Amino acid sequence: MNIKSQKEKCVVIVGAGPAGLAIAKALSGMGFIINIIDPKNKQEIVSPSYDGREIALTHQSQIFMEKLGIWQKIPEKFISYIKKAKVLDDDITESILIGDLIDKGGEIGFLVSNYIIRKASYEALIDSRRKNKDIEFSFSDEVIDVQNFDSFSEVKLRSGNTINAKLVISSDSRFSKIRTLLGIPSDMFDFGRDMLVCSMKHSKTHDRTAWEWFTYGYTLALLPMRKKFDDRQYESSVIVTMTKQEINNLLSLDEESFNQNITQKFKRFFGDMVLTSPCYSYPLVSVYPKKFVADRYVLIGDAAVGMHPVTAHGYNFVLKGIKTLTGLIDEASQTKEDIGSISLLKKYNRRHKAATKPLYLFTKLIIAIFTKEDSSAKKIRKIFIKLGQLTFIQKTFTKLLMKE
Ligand SMILES: Cc1cc2nc3c(=O)[nH]c(=O)nc-3n(C[C@H](O)[C@H](O)[C@H](O)COP(=O)(O)OP(=O)(O)OC[C@H]3O[C@@H](n4cnc5c(N)ncnc54)[C@H](O)[C@@H]3O)c2cc1C
């Protein structure tokens with residue numbers, strides 16, 4: 001059977017990142033033929049390498065991942081538990097504490113490496129593919145054009161292949177070329193900073209608390225990882241946000257100087273800190289398109305909402321969008337409605353915007369406040385921390401983080 005010719009049932013997914021794999025998993029078994037395309041080769045998708053990202057997951061995300069069969073593919077030793085989160089201004093003694101008011105023993109979220117999530121998503125998808133025989137991969141290939149012909153879309157690949165589909169789902173990263181090709185404008189904000197990420201071990205406990213520390217000059221974050229050293233050492237994911245030049249300077253240090261530098265930056269709060277992984281850096285650019293949909297075309301994942309990682313919500317929003325879209329597609333397919341109809345896609349557009357825009361804007365506001373260092377900005381930063389210390393605000397933050 002040439003499944004590429006069955007355009008009435010065909011869904012094309014552009015990109016096999018965490019979003020593309022998860023939506024394919026959610027759609028498998030609904031009666032579609034799903035084509036996933038990615039320029040990466042098979043090995044990179046089947047067995048992705050460590051990329052420095054540790055993903056903080058909410059309870060809602062964990063529940064949805066379990067429903068998709070992804071969570072079950074993550075070995076327990078790769079899951080860390082976050083009990084609290086702390087937001088600090090330059091003065092280390094003043095902080096907003098999130099999660100301190102929940103029941104004893106509870107956690108506000110989980111931490112799993114991005115490459116483990118990708119691997120687990122692929123493995124869960126392979127289970128469905130075996131069972132439903134409705135998934136086709138095109139690795140080492142790339143979508144280069146999408147044309148809409150009223151009742152179907154024609155997707156052209158670099159290899160010369162063409163696929164006709166009822167719906168094209170774009171999960172091709174925050175820098176989505178297909179989104180640009182189809183003329184969807186985006187609010188794209190370059191923060192002018194890069195993020196360096198790595199894992200480090202340290203002698204003093206992190207107490208399963210995540211840190212976001214806005215010092216004057218740079219921002220530090222620390223995400224508590226599962227203890228895995230016998231020598232009374234703890235491990236955390238460390239994130240340093242600075243200019244690209246400053247990050248390059250940091251990366252040019254030998255390992256001992258790098259360790260000393262980070263230990264000093266954290267004011268020895270966690271004792272001596274020692275690198276346990278390679279370092280990676282990412283440019284800080286957030287993206288929010290004017291709309292998530294066009295004719296027979298829909299954006300999900302970072303292609304829809306490219307968050308600044310400070311509020312740790314990129315992948316959580318990926319899952320939220322998938323839940324909304326696949327819910328609508330499921331309903332439509334049961335009533336034999338066209339799954340690529342603009343009225344259905346507009347419903348997704350409205351719901352996903354309502355779910356993501358407030359936090360997207362709030363995140364930009366936090367960055368705007370906490371990266372300015374003139375005297376009035378310093379006053380505003382202090383007021384923000386004081387307000388955040390009020391019990392009802394802490395409770396609201398905690399509820400929001402656990403619910404989203
Ligand atoms: C440092 C850092 C820390 C983060 N921390 C958190 C966190 O704590 N919590 C959280 O929720 N989120 C976090 N995130 C965000 C999270 O990593 C992203 O939201 C998530 O990885 C997005 O997945 P995606 O599949 O949408 O995009 P991507 O992972 O970018 O995947 C896109 C895929 O599309 C493919 N592609 C590109 N162009 C084409 C084309 N033309 N045709 C076919 N395929 C194409 C690419 O090869 C790639 O495989 C963090 C991000 C960073 C950088």
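The values are calculated or read from the model by the stated rules, or taken from the named source; none is laboratory data. Keep in mind it's a predicted model, so treat the numbers as computed, not measured. We place every Cβ from the backbone using ideal geometry, glycine too, and count neighbours over all the protein chains shown. Ligands, DNA and RNA are excluded from the accessible area calculation, which covers all protein heavy atoms including side chains. Shrake-Rupley method; radii C 1.70, N 1.55, O 1.52, S 1.80 Å.
Structure notes:
- Chain lengthening between Lys228 and Thr93 when straightened (0.36 nm per residue, less Cα-Cα): 45.7 nm
- Under-5 Å amide H pairs with Ser113, H placed in peptide plane, nonlocal only: Ile55
- The range 340-382: trypsin sites (Lys or Arg not before Pro) in DSSP loop, at most 15 other beta carbons within 10 Å: Lys372
- Linear extension gain, Asp338 paired with Ser49, 0.36 nm per residue minus alpha-carbon span: 100.2 nm
- Greater than 25 Å apart at Cα, pairs in Lys67/Lys290; Lys204/Lys386; Lys119/Lys204; Lys227/Lys265: Lys67/Lys290; Lys204/Lys386; Lys119/Lys204
- Fraction of accessible area attributable to carbon and sulfur, the chain (%, probe 1.4 Å): 52
- Using a Förster distance of 35 Å, the FRET efficiency for Arg350-Asp145 (Cβ separation, nearest 0.05): 0.80
- Rounded to the nearest 500, the helix-only mean residue ellipticity at 222 nm of the chain stands at -11500 deg cm²/dmol, with each DSSP H run of n ≥ 4 adding -39,500 (n - 2.57).
- Among the trypsin sites (Lys or Arg not before Pro) in the range 45-107, those located in a DSSP loop and surrounded by at most 16 other Cβ atoms within 10 Å of their own Cβ are Lys104.
- For the chain, the longest principal axis of the C-alpha atoms and the axis of helix 314-334 are separated by about 20°.
- Amide H contacts for Cys10 (H built 1.01 Å from N in the peptide plane; partners 5 or more residues away or on another chain; cut-off under 5 Å): Ile33, Lys166.
- 22 Å Cα-Cα reach of Lys336 towards lysines, excluding residues that sit fewer than 8 places from it in its own chain: Lys4, Lys7, Lys9, Lys25, Lys133, Lys166, Lys323, Lys346, Lys347
- Förster radius 51 Å - calculated FRET efficiency between Glu256 and Asp330, Cβ distance, rounded to 0.05: 0.40
- Accessible area per residue for the chain, computed on protein heavy atoms with a 1.4 Å probe, is 45 Å².
- For the chain, taking the reciprocal of the average inverse distance between every pair of different Cα atoms yields a Kirkwood hydrodynamic radius of 22.3 Å.
- A cut-off under 15 angstrom between Cβ atoms defines the neighbours of Thr326, and their net charge, with Lys, Arg +1 and Asp, Glu -1, is +3.
- With Cα atoms, 0 to 90° folded angle of helix 114-132 axis to the chain main axis: 30
- Between the Cα long axis of helix 18-27 and the first principal axis of the chain there is an angle of about 40°, rounded to the nearest 10.
- Extending 7 Å from Cα along the Cβ direction at Thr396 and again at Asp295 yields two label points whose distance is 4.4 nm.
- Environment charge of Ile342, counting only residues whose C-beta is closer than 9 Å and scoring Lys/Arg +1, Asp/Glu -1: +1
- For Tyr297, the residues 5 or more places off, or on other chains, whose built amide H falls under 5 Å of its own are Val168.
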